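The values are calculated or read from the model by the stated rules, or taken from the named source; none is laboratory data. All figures in this text were calculated on a predicted structure; none of them were measured in a lab. We place every Cβ from the backbone using ideal geometry, glycine too, and count neighbours over all the protein chains shown. Accessible surface is based on the protein model in full, side chains and every heavy atom, while ligands, DNA and RNA are left aside. Shrake-Rupley method; radii C 1.70, N 1.55, O 1.52, S 1.80 Å.
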Amino acid sequence: MSVREIVTAGHPALRQCTRELAPEELHTPAIQALIDDLIDTMRFAGGAGLAATQIAEPVRIAVVEVVPDHPRYPYKPPIPLTVLVNPELEPVGEETVEINEGCLSVPGLRGEVPRHLTVRARYLDRRGEPREELRRGLAAGTFQHEVDHLDGILFLDRVTDPRTLMTWESFERFHRDAFVARVAGLPR
Ligand code: NI
C-alpha cells in the first residue's frame, strides 16, 4: 500500500481510454494493491473519490468515500468506502442539478456542473461481487464525476458556463453559503 502521485489536468493519462477488468484479474495481488493504493491516495489527499486514471493506471476502477465532516467537502452527506470496478451508471428520471465541483487533478479550481439527480450504479466490488444501487443528490454527482474520469472526462469538460469557474478561496468567500443552502434540500 502506498500513496501515489495524482496527475493533473494536461497529463495524457487523464484522457486515456481505460480497460475493463476480467473478474479473475481482480483477485491478482497487482490489482488488489492498486485498489489499496487508490484508497490510500484518496484519503491522504482528502478527496471524496479517486479514479485509476488519476494515478495514471488505465483500468476501470475508482474509489469513493465521504467521511462525516469531510475536510474538502464538509457539506457532502457521508458515503461509505465504495470500490467501483467496471462501473456503469444509468440515469433515473430526467432531473438534473447544478453541482459546484472540484477535483484533485484540477488543483485550485471549482465550477458548476450539471449532473443527473439520480443514477443507478452497477459495478463489481473488489471481490468481484456484482453490486447495484441507487445514488441520489450530491452522492450521485460524486459517482458521475468518478466514472467520467474512467472515460477520460474532467469536470471542466462539463462546465456549461465558464464564468462559474472559481478558486477554492473564492468559493469559500463568495459562493459557499448559497451553494450549501441550494443543495441542502437534495435527496440523499
Ligand atoms: Ni476528479
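Give me the accessible area per residue for the stretch 20-99, probe 1.4 Å, as a whole number in Å².
42
Starting from the Cα of Ala181, move 7 Å in the Cα-to-Cβ direction to define the label point; list residues of the stretch 94-128 whose amide nitrogen is under 17 Å from there.
Answer for the stretch 94-128: 100.
Residue-wise, which Karplus ³J(HN,Hα) couplings in Hz belong to the stretch 106-112, taking 6.51 cos²θ - 1.76 cosθ + 1.60, θ = phi - 60°, and x for glycine or proline?
The phi angles translate into 10, x, x, 10, 10, x, 8 Hz.
What 222 nm value per residue comes from the helices of the chain, counting each DSSP H run with n ≥ 4 as -39,500 (n - 2.57) and dividing by all residues, nearest 500 deg cm²/dmol?
-7000 deg cm²/dmol
Between Val106, Val59, Val85, find the one with the highest GNM mean-square fluctuation for the chain; connect C-alpha pairs within less than 10 Å.
Sorting by GNM fluctuation, first place goes to Val106.
For the chain, build the convex hull from the C-alpha positions and give me its volume per residue in Å³.
109
Roughly to the nearest percent, how much of the accessible area of the chain is carbon and sulfur, given a 1.4 Å probe?
Carbon and sulfur: 53 percent of the exposed surface of the chain.
Given R₀ = 45 Å, what would the calculated FRET efficiency be for Leu156 paired with Thr28, taking r from the Cβ atoms and rounding to 0.05?
After rounding to 0.05, the efficiency reads 0.85.
Mind grabbing the accessible area of Ser170 for me, 1.4 Å probe, Å², rounded to tens?
Using a 1.4 Å probe on the heavy atoms, I get roughly 40 Å².
Separation between the Glu5 and Trp168 pseudo-spin-labels, each 7 Å from Cα along Cα→Cβ, expressed in nm?
The answer from the label model is 2.1 nm.
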